[in-house]
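So the structure is just underneath, and the comments pick up after that.
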Amino acid sequence: MSLPTITIELSKEDSANLAELTRRCVDADQARNGATTHGPLESAADLLTMLAQDAAMVIRRPGSWEGAGMARLLAGHGYEV
């Protein structure tokens with residue numbers, strides 16, 4: 001069974017910023033000796049997968065820190081979920 005794939009388009013600037021953010025996530029994971037929830041997040045796909053999983057928790061586990069945090073983020077953008 002294959003997993004669903006989602007394709008997104010980003011500006012070059014956003015893509016470059018995500019590359020820098022993933023570099024910082026790798027550094028943070030190394031600084032914490034691997035004590036992060038998802039490991040080093042070595043690519044934009046890794047980072048966006050983690051964020052998508054947290055967004056799904058708005059529905060699956062709304063009281064979790066991940067789900068509640070994503071719900072607050074969405075509310076900040078005007079989406080009351």
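Please treat every number below as a calculation from the coordinates, not as lab data. Given the structure is predicted, the values throughout are model-derived calculations rather than measurements. Here the Cβ positions follow ideal geometry from the backbone for every residue, glycine too, while neighbour counts run over all protein chains shown.
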Per the filter on segment 48-81, residues among the charged types (D, E, K, R) and surrounded by fewer than 14 Cβ atoms within 10 Å (Cβ to Cβ) are Arg60, Arg61, Arg72, Glu80
Of (1) over 14 Å from the mean Cα position of the chain (by Cα); (2) in a helix (DSSP H, G or I); (3) not basic (Lys, Arg), Leu10 fails just (2)
Taking segment 2-38 and the residues there that are among the acidic types (Asp, Glu) and loosely packed, with under 12 Cβ neighbours inside 10 Å, the one that is nearest to Gln53 (Cα to Cα) would be Glu9
Restricted to segment 63-81 and to residues being of a type in the set (D, E, K, R) and outside any loop (DSSP other than H, G, I, E, B), the residue nearest to Leu51 (Cα to Cα) is Glu66
